[in-house]
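The values are calculated or read from the model by the stated rules, or taken from the named source; none is laboratory data. Model, not experiment: these values are computed from the prediction. With ideal geometry, Cβ positions are generated from the backbone for all residues, glycine too; neighbour counts draw on all protein chains shown.
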Amino acid sequence: MSRIISQIHQDLIDFIKRLCVRGTPMPRFGLRQVVPSLLAKNRDHRFDFFSWTANYLSANYIDGVYVEFGCCGAVTMRYALNTLGKPAAYGLRNHISHFFAFDSFEGLPEASGLDRQKCFSKGKFSMSEEAFKRLMRRDLYRVTTIKGFYQDTLPHYEWQEKNGIALAYFDCDYYESTKNALEFIKDKMNHGAVIAFDDWQMYYGDPKRGQKKAMTEFREQYQKTIYLEPFFPFPPLGMSFIYLKKELMGSPLE
Ligand SMILES: C[S@@+](CC[C@H](N)C(=O)[O-])C[C@H]1O[C@@H](n2cnc3c(N)ncnc32)[C@H](O)[C@@H]1O
């Protein structure tokens with residue numbers, strides 16, 4: 001009995017902690033929604049990914065900007081806004097100067113070839129740019145949206161940031177989309193920055209499809225200049241890496 005009471009107590013503490021993270025998407029209120037989600041420990045572990053990565057970035061004083069590919073729904077963008085650049089590990093604080101949201105705002109494009117999968121269809125996850133911005137509310141001053149399909153927008157996008165990227169988050173599902181996005185970030189990353197793949201284990205974890213395939217090809221293509229150190233996997237399907245420039249590895253940077 002005491003174990004059950006202490007479990008319920010812990011669940012309530014977790015629940016209140018999530019309430020305190022302002023803006024974190026919550027289950028809808030109402031006993032029928034809240035109680036099962038508490039009992040099932042229905043939390044989104046991707047929030048923990050952002051929180052741990054914020055610790056890593058601040059402990060290593062890695063400043064820069066946040067970029068996200070695939071942001072309709074605004075869940076992970078909200079996690080990023082609420083964690084990155086906040087005082088984290090040992091009270092240290094890095095600086096995340098801006099947040100970039102790349103999306104069609106029309107949902108997924110038509111999947112072709114290897115990207116076809118039962119759970120994906122054209123237009124899925126769509127949310128208008130206006131609706132996304134409404135969810136950003138008070139943070140809009142530090143968020144830029146870039147609307148359009150990556151094959152159209154990324155090759156022509158004028159990147160004017162002086163700061164490099166501290167964290168690049170890929171939640172765009174397809175091999176083709178991830179490949180385009182990786183190509184875009186390759187010369188904008190800071191040494192020691194993090195890249196994360198939300199859909200790493202889609203396509204049954206097949207390394208010849210999806211984000212794994214895009215990453216393998218990227219790694220092979222730039223192996224002379226870039227080293228990718230596995231960082232940590234995160235539930236339900238994600239994986240992350242630390243992005244190191246080979247020319248700086250082994251040198252005593254300040
Ligand atoms: C799973 S949703 C993103 C969910 C979001 N990260 C969240 O936490 O709420 C995937 C998104 O990727 C976008 N996407 C995928 N491929 C794209 C492409 N080639 N160009 C633009 N957007 C793309 C879709 O529009 C969709 O919004």
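May I ask you to verify whether ASP11 is modelled with pLDDT of 90 or more, away from the ligand (no atom under 16 Å from the Cβ), surrounded by 16 or more Cβ atoms within 10 Å (Cβ to Cβ) and of a type in the set (Asp, Glu)? No, not satisfied. A search for C-beta distances below 7 Å between a residue of segment 232-254 that is under 15 Å from MET189 (Cβ atoms) and any residue that is surrounded by 11 or more Cβ atoms within 10 Å (Cβ to Cβ) and at pLDDT below 95, counting only pairs 6+ apart in sequence or on different chains, returns nothing. Applying the selection to segment 182-194, what residues are buried (at least 22 other Cβ atoms within 10 Å of the Cβ) and either within 15 Å of the ligand (Cβ to nearest atom) or of a type in the set (D, E, K, R) (or both)? Within segment 182-194, LEU182 is the sole residue that qualifies.
Any idea which of SER126, SER97 is within 18 Å of the chain's Cα centre (by Cα), in the same structural domain as CYS71 (by TED's automatic domain parsing) and not in a loop (DSSP other than H, G, I, E, B)?
On the way: SER126 fails: not in a loop (DSSP other than H, G, I, E, B).
None of the other options fit; the residue is SER97.
Residue-wise test of (1) in contact with a Ser or Thr (Cβ under 8 Å, 6 or more places away or on another chain); (2) in a strand (DSSP E or B); (3) buried (at least 23 other Cβ atoms within 10 Å of the Cβ).
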position	(1), (2), (3)
GLU176	yes, no, no
LYS179	no, no, no
GLN201	no, no, no
ALA214	yes, no, yes
GLN223	no, no, no
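Looking across segment 150-166, the residues that are under 29 Å from SER51 (Cα atoms) and touching a residue at least 12 places away in the same chain (Cβ under 8 Å) come down to TYR150, LEU154, TRP159, GLU161, ASN163, GLY164, ILE165, ALA166. Exactly one residue among ASP173, ASP199 is in contact (Cβ under 8 Å) with a residue 60 or more places away in the chain and within 11 Å of the ligand (Cβ to nearest atom), and that residue is ASP173.
Would you check if there is a residue in segment 169-189 being farther than 18 Å from GLY107 by Cα and among the small types (Gly, Ala, Ser)? Outline the logic, then answer.
Here is the first cut: in segment 169-189, the ones farther than 18 Å from GLY107 by Cα are 182-189.
Adding the requirement that they be among the small types (Gly, Ala, Ser) leaves none.
Checking segment 169-189: not a single residue is farther than 18 Å from GLY107 by Cα and among the small types (Gly, Ala, Ser).
Within segment 77-133, the set of residues being within 9 Å of the ligand (Cβ to nearest atom) and among the polar types (S, T, N, Q) comprises SER104, SER126.
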